[in-house]
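Written out below as structure tokens is the structure these notes cover.
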Amino acid sequence: MIHGFTGSPSEFRRIGYALRDEGYTIQAVRLPGHGTSPEDMRRTGWTDWYGHVLESYEALAARCRQVVIMGHSMGGLLALKLAAERRTAGVISLAAPLRLRSRKSALAAVLQYFIPYIAKKPRTSSTLLDESCAYTKTPIRCVVSLRKLMRHVKGLLSRIEAPIWIGQGLRDGVVHPDSASFLQEKVRSEWKELHMYHQSSHGLLLDQERERVYADIAAFILSLPVAYYGVRELRTAE
């Protein structure tokens with residue numbers, strides 16, 4: 001499980017517990033520069049984030065014969081890159097930013113030389129979305145790196161052949177919903193599932209339809225063919 005840009009593994013806490021209770025081995029990674037401070041994150045880039053994902057995958061693959069990878073937002077991009085470069089039993093992409101609603105992030109290439117961070121708008125009320133423990137300010141140079149990762153992953157989509165589950169919230173203010181259909185069209189996977197959630201925002205793992213999202217993901221994992229996915233091996237509780 002790979003969290004999003006400026007986020008933390010706590011994004012997956014609820015679905016992680018739900019899948020663990022079904023007997024799955026779960027591993028949620030904390031990407032370099034995340035879960036500590038924006039200053040730490042500013043010293044990292046997408047190659048650091050992916051390097052950690054790859055190391056975590058190799059360690060888990062040494063314990064489990066089959067591995068399903070799941071990523072939210074930027075974590076979805078990292079999961080897609082991993083699926084293009086390693087044999088995986090399946091890939092779950094949640095709100096992967098292949099197309100953004102706003103073009104303002106393109107300005108980061110210039111802004112990084114003038115301001116180090118940009119503050120996020122505070123929430124007007126406390127919600128479950130706060131469980132992501134995301135930073136309250138974003139390092140501008142990391143936005144530049146994220147955009148490089150987006151372009152890089154777009155060029156890899158045709159190499160993805162594993163079964164894929166794609167989830168997207170229609171109330172996502174960050175990622176354009178067309179991202180999901182673009183992803184579905186570009187991957188080579190024969191098995192593709194596209195799920196659009198009408199009441200969900202970018203943080204669809206913690207939003208109003210979260211229980212439905214969890215159920216849909218669990219159904220996808222359980223239904224994967226044995227040719228891709230050793231059900232008994234991965235469902236064996238430790």
With springs only between Cα atoms under 10 Å, which of K121, K154, K192 fluctuates most in a Gaussian network model of the chain?
K121
Taking θ = phi - 60°, what integer Hz values does the Karplus form 6.51 cos²θ - 1.76 cosθ + 1.60 yield along the range 29-42, in sequence order, with x for Gly and Pro?
8, 10, 5, x, x, 10, x, 10, 8, x, 5, 5, 4, 4
Placing +1 on the Cβ of each Lys and Arg and -1 on the Cβ of each Asp and Glu in the range 30-70, which of I69, Y50, P32 has its Cα farthest towards the positive end of the resulting dipole?
I69
For Rg/Rh (Cα atoms, Kirkwood Rh), pick the label among (1) 1.02; (2) 0.97; (3) 0.94 that corresponds to the value derived from the coordinates.
(3)
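With runs of 4+ DSSP H residues as the only contributors, calculate the mean residue ellipticity of the chain at 222 nm using -39,500 (n - 2.57) per run, divided by the residue total and rounded to the nearest 500.
-11000 deg cm²/dmol
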By how many nm would the segment from M196 to V110 lengthen if fully extended, with 0.36 nm per residue of separation less the alpha-carbon distance?
27.5 nm
Solvent exposure of the chain as accessible area per residue, Å², 1.4 Å probe
49 Å²
Can you compute the charge dipole magnitude of the range 73-124 about its Cα centre, using +1 on each Lys and Arg Cβ and -1 on each Asp and Glu Cβ, nothing else charged? Give it in debye, rounded to the nearest 20.
220 debye
Report the number of Lys pairs in the chain whose alpha-carbons are under 21 Å apart, with separation of 8 or more residues or on distinct chains.
15
Highest-MSF residue in the chain out of R20, R86, R151 [GNM, Cα springs under 10 Å]:
R151
Accessible area in the full protein assembly, largest first, 1.4 Å probe, for V153, V143:
V143, V153
Lys and Arg at +1, Asp and Glu at -1: neighbours of I160 with Cβ under 14 Å from its Cβ sum to +3
Given the options F220, F182, F114, which has the most mean-square fluctuation in a GNM of the chain, springs set between C-alpha atoms less than 10 angstrom apart?
F114
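Ordering E55, E209 from largest to smallest accessible area (1.4 angstrom probe), what's the sequence?
So the residues, ranked largest to smallest area, are E55, E209.
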Estimated dipole of the chain in Debye, rounded to 20 [Cβ of Lys and Arg +1, of Asp and Glu -1, Cα centre]:
840 debye
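So how much slack lies between R188 and T25, counting 0.36 nm per residue of separation and subtracting their Cα-Cα distance, in nm?
Taking 0.36 nm per residue and subtracting the Cα distance, the gain is 55.9 nm.
The values are calculated or read from the model by the stated rules, or taken from the named source; none is laboratory data. Note that this is a predicted model, so its numbers are computed, not measured. Here Cβ is always computed from backbone atoms with ideal geometry, including for glycine, and neighbour counts include all displayed protein chains. Please note that ligands, DNA and RNA were not included when accessible areas were found on the heavy atoms of the full protein model with its side chains. Shrake-Rupley method; radii C 1.70, N 1.55, O 1.52, S 1.80 Å.
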